Every structure is written in structure tokens, then in C-alpha cells.
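Q: One structure is given below, represented as C-alpha cells, and several questions about it will come after.
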Amino acid sequence: MPDLTVIESRCTLCNLCAADCPARVITLPDSGLPQYVEGGADRCYICGHCEAICPTAAISVDDPRLDPRTYPETGDDAVIPPERLGAYLRMRRSVRKYRQSPVERETIEQLMDIVRYAPTGINTQSLHWLVIHDTVELRRLTGLAVDWLRDMAKSDSPMKAWFDFEGMAGRWDSGEDPVCRHAPHLVVAHAHREALTAPADAFIALAHLDAAAPSFGLGCCWAGLFKIALDQWAPLREALALPDGHVAYYALMLGTPAVRYHRPPKRNPLNIAWR
């Protein structure tokens, strides 16, 4: 159960914390400091809006589930002008050619420290992460995905209209990697299958990872074939060895790009309706 702490000497009784609380569990009683409403601690999302909005840093929420680390106030420094943000995001590419040098774990941890701030439904924060950092292990797992390709090549699956399973397996045999593109690492988002908002949470968080990676000089690609193989091939699921009851929602290849892109490509016109 979370604790709500208010530093009386800092609190100006502005009521911003109560007004911005999405769960409406904070109240400002007459001649009193902000506090939980009756039963409010049980209904608190632990989202931290009250901490973030307080102009004098007078209020905090503490809970054993929370990482105690804090970050300095950034204010307007965190605001990126639209033209800069647009230029940055338009240059984002799906990277399919990687340098084989590994990315340091400390760098990936810094990247994931940003990703953990992605929004989750009702602030459940139910996502878990598996980083396949050992490239040899990733190649072993990719080989199991290729076994699925071989099995599909012998089947009458309608997916054969979309994928050249036999050709992709042959490319693997010749030294190519049509599944994970020789990426040095793979990041898997997973959660317990009963976590209600986990499917959407995983894609939101992975999109944050995909967007943030270039700021570290890294690139990503959504590992679609790996994910389909994981869903359909028991040996690969067993080798991934997620905790009991957990489901892998998607995975991203990660590494240092071996190529440089100089400009954004063309895209379809914006398709938007207004009401």
C-alpha cells in the first residue's frame, strides 16, 4: 500500500495534486494538508502525477514496488521543438544491417531506463523484459526459428502465399539471417497472460524503445518472423524459458547500424478525417 508524504513547510495548498489525480484519491481538507480520501491508498495507481505536478516538490508517493531513484527537475529543458522532433522521428529507420560488435550492457540499461517510463494501462507497469545480449545465444534461438521455417516449408499453410519459407531456410544455410538479420541482440517484452493491459503496454513500450534507440547511436527492427515462430513453435518457446504464465508480446532486434541513412524516404499522404 502506498504512502503519501507531504512536507508542510513546502506545501502551498494549491490543490494541484488533488485536481490532477486521475484516480481522485487525494483531497485537500479545510485547513489541512493533502491526504488520501478514505480508502484512497488502496485505489492509488502510484502514477506519480501528484509528485510531478507539485511546483514546490512538497508531495511524494512511496511504495515498496517503486524504484527509489529520482531524477532532477528538467522543466522546459525537456521540451523538444516540433521541427527538431519531426526531423528526428522521420529519420528513424528499420535497421536490417548491423555491426557485429556488441552493445555494452550499460548502454542498453540506460536505454531501457527511458523505456520504463512508457505509459501502461492504469499504471500497472506489468511488463517484464528479456534482453538476449549473448549473440551466440541469439543465434541458437534464431536457429530454432529457422527449424520452424523448415517445418512450414513442408506444410500446406496459407502463410506460404506470403512467405518463401523454403527460400528463407536456404538463406540461413548459406550464412544469411532472414529472421534476426544478424543483429547482435534481441529485446523481448513479456508479461503474465492475465495482465489485462499488457498487449497494448508492450507495443507502446517497444515503440518508445524503437524511437529512443537512435539517440544512443543504435538501431532496431521489429522481429516479426521471430515472433510468429515463437507463437507457433514449441521448441523456441521452451528455449526462451519465460517465467510460468508469461507471454512474449513482441521483440525488437537491437544493435549498432552498419549503414547510414541520409534523408527520410517518401511516405503515403496523410489519411485523416475530421469531425
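The values are calculated or read from the model by the stated rules, or taken from the named source; none is laboratory data. Remember, it's a predicted structure, so these values are computed and weren't measured experimentally. A quick note on method: Cβ atoms are made from the backbone with ideal geometry, for glycine too, and the neighbour counts reach across all protein chains shown.
Q: Considering only residues that are surrounded by 15 or more Cβ atoms within 10 Å (Cβ to Cβ) and not small (G, A, S), which ones fall in the stretch 21-32?
A: Of everything in the stretch 21-32, those that are surrounded by 15 or more Cβ atoms within 10 Å (Cβ to Cβ) and not small (G, A, S) turn out to be C21, V25, I26, T27, L28.
Q: For A52, state whether it is free of Cβ contacts under 8 Å to residues at least 60 places away in the same chain and either farther than 30 Å from V259 by Cβ or loosely packed, with under 10 Cβ neighbours inside 10 Å (or both). Lay out the reasoning, then the answer.
A: Details: free of Cβ contacts under 8 Å to residues at least 60 places away in the same chain: yes; either farther than 30 Å from V259 by Cβ or loosely packed, with under 10 Cβ neighbours inside 10 Å (or both): yes.
Yes.
Residues are listed down the side, and each one gets a yes or a no for (1) in contact (Cβ under 8 Å) with a residue 60 or more places away in the chain; (2) in contact with a helix residue (DSSP H, G or I) (Cβ under 9 Å, 6 or more places away or on another chain); (3) farther than 17 Å from D134 by Cα; (4) in the same structural domain as Q100 (by TED's automatic domain parsing):
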site	(1), (2), (3), (4)
G219	yes, yes, yes, yes
A234	no, no, yes, yes
A239	yes, yes, no, yes
G245	no, no, yes, yes
Y261	yes, no, yes, no
R275	no, no, yes, no
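Q: I would also like to ask the following. Within the stretch 8-18, is even one residue within 21 Å of A78 (Cβ to Cβ) and surrounded by 14 or more Cβ atoms within 10 Å (Cβ to Cβ)?
A: yes
Q: Is it the case, given these coordinates, that R116 is under 20 Å from the mean Cα position of the chain (by Cα) and either of a type outside the set (S, T, N, Q) or modelled with pLDDT of 95 or more (or both)?
A: So R116 fits the description; yes.
Q: For residues that are in a loop (DSSP other than H, G, I, E, B) and crowded, with 17+ Cβ neighbours inside 10 Å, scanning just the stretch 33-45, find the one that is modelled with the lowest pLDDT.
A: Per the criteria, the residue is Y45.
Q: Could I ask something else about it? Among (1) within 30 Å of P257 (Cβ to Cβ); (2) surrounded by 12 or more Cβ atoms within 10 Å (Cβ to Cβ); (3) touching a Pro at 6+ places or on another chain (Cβ under 9 Å), which single condition is I114 missing?
A: Here I114 meets the rest and fails (3).
Q: In this structure, does L4 turn out to be in contact (Cβ under 8 Å) with a residue 40 or more places away in the chain, surrounded by 12 or more Cβ atoms within 10 Å (Cβ to Cβ) and farther than 24 Å from L209 by Cβ?
A: yes
Q: Then there's this: Can you say whether F203 is out of contact with any helix residue (DSSP H, G or I) (no Cβ under 8 Å at 6 or more places or on another chain), closer than 30 Å to R150 by Cβ and among the aromatic types (F, W, Y), as far as the supplied structure shows?
A: Values: out of contact with any helix residue (DSSP H, G or I) (no Cβ under 8 Å at 6 or more places or on another chain): yes; closer than 30 Å to R150 by Cβ: yes; among the aromatic types (F, W, Y): yes.
Criteria met by F203.
Q: Still on this structure, I have one more. Among the residues of the stretch 132-152, are any under 26 Å from E109 (Cα atoms), touching a Cys at 6+ places or on another chain (Cβ under 7 Å) and surrounded by 20 or more Cβ atoms within 10 Å (Cβ to Cβ)? Spell out how you get there, then give the answer.
A: Step one: filter the stretch 132-152 for residues under 26 Å from E109 (Cα atoms), giving 132-142.
Filter again for touching a Cys at 6+ places or on another chain (Cβ under 7 Å), leaving 138, 142.
From the residues that got through so far, the ones that are surrounded by 20 or more Cβ atoms within 10 Å (Cβ to Cβ) too are 138, 142.
Checked against the condition, which is being under 26 Å from E109 (Cα atoms), touching a Cys at 6+ places or on another chain (Cβ under 7 Å) and surrounded by 20 or more Cβ atoms within 10 Å (Cβ to Cβ), the stretch 132-152 yields at least one hit.
Q: Still on this structure, I have one more. Run Y98 past the list (1) surrounded by 15 or more Cβ atoms within 10 Å (Cβ to Cβ); (2) assigned by TED's automatic domain parsing to the domain that holds L16; (3) over 20 Å from the mean Cα position of the chain (by Cα) and report the number of the one that doesn't hold.
A: (2)
Q: Hey, any hits in the stretch 240-249 for a residue that's among the β-branched types (V, I, T) and touching a strand residue (DSSP E or B) at 6+ places or on another chain (Cβ under 8 Å)?
A: Checked the stretch 240-249: at least one residue is among the β-branched types (V, I, T) and touching a strand residue (DSSP E or B) at 6+ places or on another chain (Cβ under 8 Å).
So that you can scan it fast, the table gives a plain yes or no per residue for (1) free of Cβ contacts under 8 Å to residues at least 12 places away in the same chain; (2) more than 18 Å from L127 (Cβ to Cβ):
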residue: L144; (1), (2): no, yes
residue: S174; (1), (2): yes, yes
residue: A195; (1), (2): no, no
residue: P199; (1), (2): no, no
residue: F203; (1), (2): no, no
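Q: Among the residues in the stretch 81-93, are any surrounded by 12 or more Cβ atoms within 10 Å (Cβ to Cβ) and either in contact with an Asp or Glu (Cβ under 6 Å, 6 or more places away or on another chain) or at pLDDT below 95 (or both)?
A: No, because not a single residue in the stretch 81-93 is surrounded by 12 or more Cβ atoms within 10 Å (Cβ to Cβ) and either in contact with an Asp or Glu (Cβ under 6 Å, 6 or more places away or on another chain) or at pLDDT below 95 (or both).
Q: From the list R260, R193, R237, R275, exactly one residue is closer than 27 Å to Q110 by Cα and among the basic types (K, R). Which is it? Reasoning before the result, please.
A: Working: R193 fails: closer than 27 Å to Q110 by Cα; R237 fails: closer than 27 Å to Q110 by Cα; R275 fails: closer than 27 Å to Q110 by Cα.
Going through R260, R193, R237, R275 in turn, just one is closer than 27 Å to Q110 by Cα and among the basic types (K, R): R260.
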